[in-house]
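Asker: I'd like to ask you about the structure that follows.
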Amino acid sequence: MFDRPIIVDWRGLKRMGWPYSRAQTWRLMADAITVTEKVNGRKTRVARRIPNPDPFPRCFKLTSHHNGHPVWRVSELLAYFEAHGLKVTEDWNAA
């Protein structure tokens with residue numbers, strides 16, 4: 001019925017060409033990130049949390065169990081890749 005999947009799990013994300021590890025993917029999905037900056041008059045750098053300016057699409061689980069597999073919506077992933085200059089939608093929709 002469907003030629004292409006609607007959601008992908010971690011293996012599907014890697015098959016789509018995602019180059020990052022699980023830990024880095026979770027960092028990219030975070031709502032806020034920690035940045036360090038040099039402040040005049042201090043020898044050490046100061047860390048502060050700011051909203052994530054470019055978050056990766058959030059994953060969700062199909063079950064309420066804590067060991068459920070995280071999955072992503074393909075449409076959100078394709079939009080994220082397109083926003084970063086990758087022409088993946090043309091390849092995805094090609095026969």
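Asker: Taking only Cα atoms, what is the 0 to 90° angle, nearest 10, from helix 74-83's long axis to the longest principal axis of the chain?
Answerer: 50 degrees
Asker: Where does each of 55-64, 39-48 land if you order them by average Cβ count within 10 Å, highest first?
Answerer: The densest-packed peptide leads the list: 55-64, 39-48.
Asker: If you don't mind, another one. Can you pull the one-decimal nm distance between simple spin-label points at N67 and D9, each 7 Å off the Cα toward Cβ?
Answerer: Rounded to a tenth, the inter-label distance reads 1.3 nm.
Asker: Cross-link candidates for K87: which lysines have Cα within less than 20 Å, leaving aside residues fewer than 8 places away along the same chain?
Answerer: K14
Every number in this text was worked out from the coordinates using simple rules, so none of it is lab data. Predicted model only: the values in this text are computed from it and were never measured. Here the Cβ is made from the backbone with ideal geometry for all residues, glycine too, and neighbour counts use every protein chain on show.
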